[in-house]
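Written out below as structure tokens is the structure these notes cover.
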Amino acid sequence: MQHLLLLHGAIGAKEQLMPLAEKLKSSYIVHTLNFSGHGGESMPAHFSIEIFANDVLNYLDKNNINTISIFGYSMGGYVAMFLAKNHPTRINKIMTFATKFHWTEEIAEKEIKMLNHEKIQEKLPSFAKTLEERNMPNDWKLALTATANMMIALGNNNTLHLSDYETIEHQALISIGDKDTMVTLEETVAVYRQLKNADFIVLPNTQHPIEKVEVERLSKEIQLFFK
């Protein structure tokens, strides 16, 4: 059976992908991991796409996996593309979903406003509790700050420029939900058009948060692509 790695998004954890992993386990050898500083993993000095990519490479080496296909949700898709660009022999196929590819200083400033822990505690106490439990024994507030700093760094100097995608030759499926308010259709299509060997789909009536995605529908799209 084919090895398939599911990568979570920013301020997320592998537990969010378990319903999807459960749907796929009969068709693939499914792998999940927590990026550094996520899901209780030890906090690095800072967050970066490079550090998270190294987490994947270390996981592959530890498990004696030479190449693997990746489904990357949100930031996980960005990490997958970074790996395809910089470590092409370790990656097979890639599917991204709800991945934000385009970063500027203005976009970063907008996104980090949603990472204010005081506002989250005040307006979304249940989400604050979820983040606290998800990050134990780490301080979830530190994870938010590290994520915000990473977004600012991406806004100042995007790790992957649009021209970088031209050099990626892996078979890819770029996907987005039609009701995604974080990722634009324009930036998603722009990356799809740069890739040499890619397809593109829009999932109807689908928002950005992975918890709000219809697992049955997404799992079918994954199986169609990674067959």
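The values are calculated or read from the model by the stated rules, or taken from the named source; none is laboratory data. Here the structure is a predicted model, which is why all the values come from computation and not from measurement. Counting neighbours? That spans all protein chains shown, and the Cβs are built from the backbone with ideal geometry, glycine included.
Here are some notes:
- Residues within segment 94-112 that are part of a helix (DSSP H, G or I) and farther than 17 Å from PRO209 by Cα, tallied: 6
- Those strands (runs of 3 or more DSSP E) lying entirely in segment 1-93 with at least 2 residues in contact (Cβ under 8 Å) with a residue 40 or more places away in the chain: 3-7, 68-73
- Subset of segment 22-59 (residues that are over 17 Å from the mean Cα position of the chain (by Cα) and not polar (S, T, N, Q)): GLU22, LYS23, LEU24, LYS25, TYR28, ILE29, GLY40, MET43, PRO44, ALA45, HIS46
- ASN116 being more than 19 Å from ASN156 (Cα to Cα) and at pLDDT 95 or above: no
- Test: ALA128 is crowded, with 17+ Cβ neighbours inside 10 Å, of a type in the set (Gly, Ala, Ser) and in contact (Cβ under 8 Å) with a residue 24 or more places away in the chain: no
- Among the residues of segment 141-168, the one identified as without any contact (Cβ under 8 Å) to a residue 40 or more places away in the chain and either touching a Leu at 6+ places or on another chain (Cβ under 6 Å) or of a type in the set (Phe, Trp, Tyr) (or both) is ALA148.
- The set of residues in segment 22-48 that are aliphatic (A, V, I, L, M) and buried (at least 20 other Cβ atoms within 10 Å of the Cβ) comprises LEU24, VAL30, LEU33.
- Filtering segment 169-185 to residues that are in contact (Cβ under 8 Å) with a residue 40 or more places away in the chain and over 10 Å from PRO209 (Cβ atoms) leaves GLU169, HIS170, GLN171, ALA172, LEU173, ILE174, SER175, ILE176, VAL183, THR184.
- Within segment 35-67, tally of residues that are more than 19 Å from LEU154 (Cα to Cα) and β-branched (Val, Ile, Thr): 3
- Looking only at residues in segment 162-199 that are exposed (fewer than 14 other Cβ atoms within 10 Å of the Cβ) and part of a loop (DSSP other than H, G, I, E, B), the one that is nearest to the chain's Cα centre (by Cα) is THR181.
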